[in-house]
Ligand SMILES: NC(=O)c1ccc[n+]([C@@H]2O[C@H](COP(=O)([O-])OP(=O)(O)OC[C@H]3O[C@@H](n4cnc5c(N)ncnc54)[C@H](O)[C@@H]3O)[C@@H](O)[C@H]2O)c1
């Protein structure tokens, strides 16, 4: 396990859980964030001041965590702040496909250049930090939609035995349509691989599927599981883009953080890319999640259907075999348990939201 960890994007959903995981274990934690989430997502929950919610949470629960306001686009700042750490989890990012379509330059600068800055910072640091990069399944672009699918009623599913276990890391990443978000994350993902393959640093890109859990303020642009839960709890109507039969594998955030830690604790000789998600055992369609929410909350919010969104994947399920074998990792929390934990968290802090 690293002794001094830097978490970029630590005021975000995933980053704050990484910071909490290490703070709980007594590791020195530095968090960097520019607190931009609420400003950059059209549908962010500004009225509820959620942009700084996780920052304030870390500040009050873990006063020893060093919170540094800063921007990963600033190379000199990044080089400075990386120095002295032996592990970096880079989650800072422009996170929404929608925002990448309307402002591709910011998307590029934050995701591609910001990651490059982190890698350069790590390469120059005497402390030799290993780096985990929060990549995404979107790097596979429209190649995912080349896999034949069948309609199984409330969900689509792969209709090709080669993909029974999900999408492996070997699926092609190019010669297909992407989105600016997919491309900026892919550029970053390739830089991570390159720095690791040339032995400049130990590093891996974790191509994440849908991650969910407490303290996630999902909205129409990003974080759909939390968005569905919050909309249901608040009796706010939901728009489903497409027919709701699209399927995702979903992973509870603490399971993801254990995978990161398995890599950082013993990075030598490991792969440079991992698909991480709930895998075939933790999948849901949008419609099925609404059923589960109705079971657990007794509520079903109003649904409106709209056109499919650009770049949407009908089925995406991660093949997590590589992560399981090499990192001796496996998801522990079922979707039903994860949703129930989200609901408990929400109930505990409802007054503050
Ligand atoms: N949540 C998911 O399901 C999911 C899936 C695939 C990939 N990812 C990737 O994981 C990472 C974390 O996602 P999340 O769900 O926690 O999102 P999030 O929006 O909650 O967290 C991202 C954080 O990065 C910060 N940030 C943005 N631009 C920055 C900059 N220029 N400098 C410093 N900080 C900046 C934001 O303020 C925010 O706190 C992102 O890189 C995202 O692309 C997430």
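Any read-out appearing in this document is the output of simple, stated calculations on the displayed coordinates, not a laboratory observation. These numbers were taken from a predicted model, which means no experiment stands behind them. Here Cβ is always computed from backbone atoms with ideal geometry, including for glycine, and neighbour counts include all displayed protein chains.
Remarks
- Of all DSSP beta bridges in the chain, antiparallel share, percent nearest 5: 15
- Virtual spin-label span in nm between residue 296 and residue 164, 7 Å along Cα→Cβ: 3.0
- In a fully extended conformation the segment linking residue 336 and residue 56 would gain 98.0 nm over its present Cα-Cα distance, using 0.36 nm per residue.
- For the pair region 71-86 / region 256-289, the C-alpha centres are spaced 26 Å from each other.
- Translational diffusion coefficient of region 93-252 (Stokes-Einstein, Kirkwood radius from Cα pairs, 37 °C, 0.692 mPa s): 188 µm²/s.
- Over region 249-289: Kirkwood hydrodynamic radius from C-alpha pairwise inverse distances, Å: 11.7
- Nearest-0.05 FRET efficiency for residue 35 and residue 77, computed from C-beta distance (R0 22 Å): 0.90
- Normalised convex hull volume, region 159-243, alpha-carbon set, Å³ per residue: 174
- Alpha-carbon Debye profile of region 85-138, log10 I(q)/I(0) at 0.13, 0.24 Å⁻¹: -0.36, -0.90
- Per the Debye calculation on region 4-350 with a single equal scatterer at every Cα and no solvent contribution, log₁₀ I(q)/I(0) for q = 0.06, 0.14, 0.15, 0.16 Å⁻¹ amounts to -0.19, -1.16, -1.36, -1.57.
- Among 334, 60, the order by Cβ neighbours within 10 angstrom, fewest to most, reads 60, 334.
- Calculated [222 nm] ellipticity per residue, helices only, for the chain: -11000 deg cm²/dmol; basis is -39500 (n - 2.57) per DSSP H run with n ≥ 4, divided by all residues, nearest 500.
- Whole-angstrom gap from region 295-353 to region 200-252, using each part's C-alpha centre: 6
- Along principal axes, Cα extents of region 134-202, largest first, whole Å: 48, 25, 21
- Gyration tensor analysis over the Cα atoms of region 202-353 returns equivalent ellipsoid semi-axes of 29, 18, 13 Å (largest first, whole Å).
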